[in-house]
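The values are calculated or read from the model by the stated rules, or taken from the named source; none is laboratory data. Since the structure is predicted, the reported quantities are computational estimates derived from the model, not experimental observations. Cβ placement follows ideal geometry from the backbone for every residue including glycine, while neighbour counts extend to all protein chains displayed. When the accessible area is computed, the model is the full protein with side chains, heavy atoms only, and any ligands, DNA or RNA have been set aside. Shrake-Rupley method; radii C 1.70, N 1.55, O 1.52, S 1.80 Å.
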Amino acid sequence: MTYIVGREKGNTIEILRNTLPPVAKYYFDLCPKIFLRPKGGLFPLYFNSISSFIFIRHQSYLFLHMPLEVPSLYSTKAKAFIAGAIFLIGYWLLSYDGITFSDDVYYLLAGKNFWEGTMEVNSYHFSSRWGAYVPSGLIGFLLGFDPHLISLISLISYLGALGLLFKILPQRNNPWILTLWFCTQVYFLHFLTKVYPDSLLVFWTTLVPVSAYFRNQKPFLAALGLVGGLFFGFLTKETIVFLAPFPILLFVWDWKNRVISKAFYFTLISIGLLLGSLYLGYFWIKFGDPFYRVSSINAGHYISEYTYADKGLWAMFRRLTYLPILTFVERGYWLWLVMAIPGIQLKKTIVNSPALEMSLAFCCLILGFWLMTSTLELYNPIYLNPRHLIILVPVLAFLIASGWGKWNENQFLFRWILGLILLGIGISLVQMDWKMAGFQAVFLGIIFPPKFPKRIEGLAVLFILPAFAAVFYQQKVKAYPEFIKALDQEVKNATESTPILTNNFIHFSREVLFPDDSKSQELLYPIEELDSLKKSPPQELRILIYEYYQHAYPKEQEDLDLLEPWLANHYQLTREEHSDLVWIREFERTKK
């Protein structure tokens, strides 16, 4: 169906919007204002890939060609989104395996303290990550201090990111592909039930390119969304700086193609300067240094086993060349990266496709992960923790959906995709990672045969099985409910004169395990402080070892090796229980 929506009169365009039926007005309002300029603007044709309508300029008239009706709410796109949302909600409900006894402990307690009014920003760089603990703390404040309930903020972040992607997904792209690749990356799902800033950053890193897509249609809201994504993302975690070059690259592309929206960039700069001034001003007033945050970040990233600058040129060379590839393969991101390649779009096109913004965001993120330093005091490439990499998933999933099937039309692209997947299989075989090698090999067998029956259904089975297998694996190696039950029972039976000597990571997490229960917290004594206990050894002693340490914190074995000889020389065993992963012993001091 085609309508005349405008006609040129001298140096102006007479808009005939009021003469259009409601359906045509719906599409007309989606046309970028820059296209309605006299003399044709940049292109004689504008195609909106999301709603499949076309504006055509011919002679002195502007025509709108559109589908017969506005897309229904119950379209395939909506069904795919609902299916993805149900899957994420179900996974969040069923896959919780407890806290990680690590940084999540800090964020859980910081959120609790913030809403109780006792949180203080200090030199520790986690303390100024307000975005990481204020929203999660609010959920704990409203629903109760339960780590699983508080991780609801991660679910909200994931659902919000998925919704943003579906908002801009073109109708020509298969929405089930987007749902499948967004919802099934194993590490992405693992942190769905955890309270980490990376889970919240999933939303902010998605908001940035999605907002940029609307810079011509809605310049003020687009600028607000882009700056808001960067600003609140930085308040959540510094990893968002990987997207700092994004607005610059976007401007260069717009300038090169002469489609600059002055309103968008003016608003972008204005809001950015305002928020930046307020942020730096806060630290200037509170600490006397506007760049206090930078100093605290530098101090927080010290030399450790996860740094490279202190380990010589060979370590730096390995990190900057092939180690990222090995990490992507080992941690299951390789197929996502490879299959996103056909969707990357950086060339000028008359098709108004969001793949451009997503491609720019992908380039910023991948270069950031590959080259960015962890501190400004010296160049030290960041450690590629698989948790950090989860912010890649939304962008990669969108690009995969955008370029799905293109390898069948381009032999050069087909050979590259095939070669990279075979490279991943080869790396897994060399590392004797048979599961990952098999996973990639089966994927290859499903994706490339031209007439594979039920291809998407086959991929869904291939991707969902490892996602749930990971749940059972974590429950097996962690046995978290059994641990909590045993710990609670031992604490109830303990007295002040019989402390419980336990794993260091359990002592570290005591305020989360026993919130608002200082007596129970004080009964837990870390093994690493054995020397302090030797000065005044108790008459009776309990030892609770959570054998999950062998999987997550194997270095604690050193402290246990020092403990056993001391126990043998000074104590006598009176009780021993070994159930699931919990080893409990009671001792009495040997009489001399």
Exclusive hit being open to solvent by less than 40 Å² (accessible area, probe 1.4 Å) and either part of a strand (DSSP E or B) or of a type in the set (Asp, Glu) (or both), set 585, 575 = 585
Any chance residue 221 is within 11 Å of the chain's Cα centre (by Cα) and surrounded by fewer than 24 Cβ atoms within 10 Å (Cβ to Cβ) | no
Among the residues of the stretch 466-498 satisfying the criterion of being in contact with a Lys or Arg (Cβ under 7 Å, 6 or more places away or on another chain) and not in a helix (DSSP H, G or I), which is surrounded by the fewest Cβ atoms within 10 Å (Cβ to Cβ)?
-> 498
Residues that are open to solvent by 10 Å² or more (accessible area, probe 1.4 Å): which helices (runs of 4 or more DSSP H) entirely in the stretch 336-443 hold 2 or more of them?
-> 355-371, 411-430
Does any residue of the stretch 243-259 turn out to be in a helix (DSSP H, G or I) and either among the small types (Gly, Ala, Ser) or closer than 23 Å to residue 104 by Cα (or both)?
-> no
Would you confirm whether any residue within the stretch 562-570 is part of a helix (DSSP H, G or I) and modelled with pLDDT of 95 or more?
-> no
Flag if residue 114 is over 30 Å from residue 468 (Cβ atoms), at pLDDT 90 or above and touching an Asp or Glu at 6+ places or on another chain (Cβ under 8 Å) = no
Helices (runs of 4 or more DSSP H) contained entirely in the stretch 102-188, each with at least 3 residues that are within 30 Å of residue 78 (Cβ to Cβ), in contact (Cβ under 8 Å) with a residue 60 or more places away in the chain and open to solvent by less than 10 Å² (accessible area, probe 1.4 Å) = 152-168, 175-183
Restricting attention to the stretch 548-566, does a residue exist that is crowded, with 16+ Cβ neighbours inside 10 Å and over 40 Å from the mean Cα position of the chain (by Cα)?
-> no
Do we find a residue being closer than 29 Å to residue 377 by Cα, outside any helix (DSSP H, G or I), open to solvent by 30 Å² or more (accessible area, probe 1.4 Å) and touching a helix residue (DSSP H, G or I) at 6+ places or on another chain (Cβ under 9 Å) anywhere in the stretch 312-335?
-> no
